[in-house]
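Below is one structure, written out as structure tokens; the observations come after it.
The values are calculated or read from the model by the stated rules, or taken from the named source; none is laboratory data. Bear in mind that the values here come from a model prediction, so they are computed numbers and not experimental data. No Cβ is skipped: glycine too gets one built from the backbone with ideal geometry, and neighbour counts run over all protein chains shown. For accessibility, only protein heavy atoms count, side chains too; no ligands or nucleic acids. Shrake-Rupley method; radii C 1.70, N 1.55, O 1.52, S 1.80 Å.
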Amino acid sequence: MVPLRAAAAGGLRRGAGRPGPAARSRRGAAPRRGAPLPAPAPSPARHLFSDLAEVEALRRNLLAWYDEFKRDLPWRRLAAAEPDADRRAYAVWVSEIMLQQTQVATVIDYYNRWMQKWPTLQALAQASLEEVNELWAGLGYYSRGKRLQEAAKKVVSELDGQMPRTAEALQKLLPGVGRYTAGAIASISYGQGNLSSCPQATGVVDGNVIRVLCRLRCIGADSSSPAVIDRLWDMANALVDRSRPGDFNQALMELGATVCVPKAPLCGECPVKQHCQARHRVEKELAFASQKLFSKPAPMPDVEDCGAGGCPLCPPATEPWDSSLGVTNFPRKAAKKQPRLERTATCVLERRGCHGAAEFLIVQRPSSGLLAGLWEFPSFPLAQGLQEEKQREMLADHLQAWMGQPVAAGSLQLMGEVVHIFSHIHQTYVVYSLPLDGDITVDPALSPFRWVTEQEFHTSAVSTAMKKVLKVREKQCKEESSPGKGSKRKRGTKLQGAGNTGKQLSLRAFLRPPTSP
Ligand code: SF4
């Protein structure tokens with residue numbers, strides 16, 4: 001799967017849409033030993049950059065535009081000013097990992113805080129995973145931060161603190177560094193691909209580049225298929241400017257992020273519009289339509305796809321060019337797999353701390369899998385389609401089993417629901433709250449847990465979904481305390497012991513069922 005970046009001027013993603021793991025692994029796969037190499041299907045001329053003069057003009061126009069309009073971004077400033085190659089590569093590497101699947105506007109603050117806290121590979125290698133997760137909290141795709149730190153440790157402990165100096169070595173030696181990231185680090189930090197020092201061209205292909213190239217060359221076949229991805233890498237390597245490879249790669253991505261955006265590309269402002277086959281096709285259609293309007297005899301425009309069913313890069317016969325879409329006919333990709341539906345019961349266990357402030361109990365997730373190592377409110381999976389009463393009972397049973405103490409279903413107060421979309425999961429959290437008067441005694445062999453104030457909660461390694469859960473609870477509490485609304489809190493669940501001195505009380509006393517009327 002190759003997710004494409006969303007388009008919105010000012011909120012443009014630079015990182016979203018980097019080639020997905022499937023595409024990366026297939027590209028890197030070696031042919032079976034002894035198996036004959038499949039002959040590549042021929043690419044019709046309209047899908048190629050075969051005219052050297054055109055390629056040179058495209059490079060010139062794109063780089064001139066980039067020099068004038070590129071965004072001022074902290075990682076670009078660092079890369080331009082840093083004389084040390086390892087530090088430069090580290091600065092680019094962190095930005096590239098953070099930008100995967102995440103908008104530039106979101107990344108800037110995370111990047112600045114990260115580089116302030118861990119300005120070098122050595123500093124990052126000494127950090128704990130907990131610290132990394134805390135800083136990464138809210139950025140999503142948490143395994144990226146974890147792998148970045150693992151890789152930093154590897155550079156320090158196994159590579160003598162020196163970053164690998166080529167794209168191939170970066171990809172081979174560093175966990176979490178795929179073909180795209182390796183090419184970006186090598187071309188931007190080391191100038192790999194510069195003809196004066198390196199015979200090998202180093203282009204890059206991410207979601208933005210896929211979109212731009214597919215439009216420039218009318219590639220309408222599934223852009224996430226390994227065959228098309230391979231062609232796009234060939235194309236990126238053929239196009240990259242050999243005197244400024246790093247700038248050229250960034251310029252192509254910048255064009256995709258700010259001009260050639262997914263839904264409403266700004267073709268009129270595009271520095272490479274004269275080289276764009278998709279735009280030519282739209283212009284021909286418009287010219288033909290206007291001539292037809294004025295009844296002038298005009299030849300049919302040359303807008304046919306190139307092969308009679310044989311071109312591997314044209315749109316499939318079942319999905320021909322759609323005039324109403326214009327250049328956004330490209331790129332295309334296979335329909336996305338529907339995310340899996342999941343429901344989870346989440347319980348905000350709350351007590352009053354030493355100074356009367358609310359404290360919440362959070363538990364740590366396992367060290368592998370979704371949201372590995374992050375902290376959350378105690379959560380338990382639910383089957384789909386359960387009645388609320390049944391959900392409540394199941395949550396009470398789960399809490400009881402976890403804490404080894406009776407928990408009355410009637411003590412749990414339903415606060416609302418939170419929907420959070422992970423890349424492959426549509427998760428609904430059903431939020432309950434349970435006020436307590438003291439500590440609980442959970443078997444330490446189970447998940448680690450701790451009590452945190454609201455402020456501590458927000459600086460802990462908690463996911464965005466859990467922050468939404470706390471908001472639901474806060475909203476509900478505000479509604480309950482607002483004048484005229486009256487308390488909706490169930491009898492028997494009233495917070496007790498506010499202002500206590502932190503004395504540890506027995507759980508049983510606070511989890512007994514509500515008394516009868
Ligand atoms: Fe993209 Fe339009 Fe430029 Fe073509 S002319 S590359 S479609 S912005």
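General remarks:
- Leading residue by the ranking (nearest to the ligand (Cβ to nearest atom)) among those in the range 314-347 that are touching a Pro at 6+ places or on another chain (Cβ under 9 Å) and part of a strand (DSSP E or B): 332
- Annotation: of all residues in the range 224-258 being more than 14 Å from the ligand (Cβ to nearest atom) and hydroxyl-bearing (Ser, Thr, Tyr), the one that is most open to solvent (accessible area, probe 1.4 Å) is 243.
- Screening the candidates 389, 417, 393 for the property of being of a type in the set (Asp, Glu) and under 32 Å from the mean Cα position of the chain (by Cα) yields one hit, 417.
- Those residues of the range 353-379 which are closer than 14 Å to residue 433 by Cα, touching an Asp or Glu at 6+ places or on another chain (Cβ under 9 Å) and not small (Gly, Ala, Ser), in sequence order: 359, 360, 361, 362
- Identity of the residue in the range 259-268, more than 13 Å from residue 207 (Cα to Cα) and surrounded by fewer than 24 Cβ atoms within 10 Å (Cβ to Cβ), that ends up farthest from the ligand (Cβ to nearest atom): 263
- Every condition in (1) touching a helix residue (DSSP H, G or I) at 6+ places or on another chain (Cβ under 7 Å); (2) open to solvent by less than 10 Å² (accessible area, probe 1.4 Å) holds for residue 415 except the one numbered (2).
- Qualifying residue in the range 297-308 (condition: modelled with pLDDT under 75, within 41 Å of the chain's Cα centre (by Cα) and within 16 Å of the ligand (Cβ to nearest atom)): yes
- Some residue of the range 457-471 being open to solvent by 40 Å² or more (accessible area, probe 1.4 Å), within 29 Å of residue 386 (Cβ to Cβ), at pLDDT below 95 and in a loop (DSSP other than H, G, I, E, B): no
- Every pair of residues 6+ apart whose Cβ atoms lie under 6 Å, when the first sits in the range 242-266 and is at negative phi while the second is open to solvent by 30 Å² or more (accessible area, probe 1.4 Å) and more than 15 Å from the ligand (Cβ to nearest atom): 242/195; 245/194; 246/188; 254/70
- Every residue from the range 126-164 that is in a helix (DSSP H, G or I) and more than 23 Å from residue 183 (Cα to Cα): 126, 129, 130, 131, 132, 133, 134, 135, 136, 157
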